[in-house]
Amino acid sequence: MDIHVTHNPAHSRFEVTIDDQLAVCDYRRDGQTLVLPHTLVPVALQGRGVAAQLVRAALEWARAEKLKVEPWCSYVASYMHRHPETRDLLAAP
């Protein structure tokens, strides 16, 4: 499935709309840290890789902005654990 994630800085989130349903990865920027507290994918869109695409876009943006990441969302933490190439983005505990 071709998913086009959009960065919506006015709402502090990365988002995609599929079949009139909105999926989001919210963030909060705290200085040089990007806090990722919440990822929401409607049930009808689950299992299609939507959450992974949202998180990937957020992490790519963090890297481009030279930000460290605090994955408060359990899905984001799991994603980063499964993708070791993103672990250098983790903020120090």
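Compared with the direct C-alpha span, the chain from Ala92 to Trp61 gains 9.3 nm at full extension, assuming 0.36 nm per residue. Neighbours of Pro42, meaning other residues whose beta-carbon lies under 14 angstrom from its beta-carbon, give a summed charge of -2 when Lys and Arg score +1 and Asp and Glu score -1. A straight line joining the Cα centroids of the stretch 44-93 and the stretch 1-42 runs 11 Å. If only the Cβ of Lys and Arg carry +1 and only the Cβ of Asp and Glu carry -1, the dipole of the chain around its Cα centre is close to 280 debye.
Would you please classify the overall shape of the chain from the alpha carbon gyration tensor, given that a ≥ b ≥ c denote the square roots of the eigenvalues, rounded means a/c under 1.5, and beyond that prolate means a/b larger than b/c while oblate covers the rest? Prolate shape, in that a/c is at least 1.5 and a/b is the bigger ratio.
Bear in mind that the values in this text are calculations on the coordinates, not laboratory data. Quick caveat, the model's predicted, so the values are computed rather than measured. Ideal geometry is used to build each Cβ from the backbone, glycine not excepted, and the neighbour counts take in all protein chains shown.
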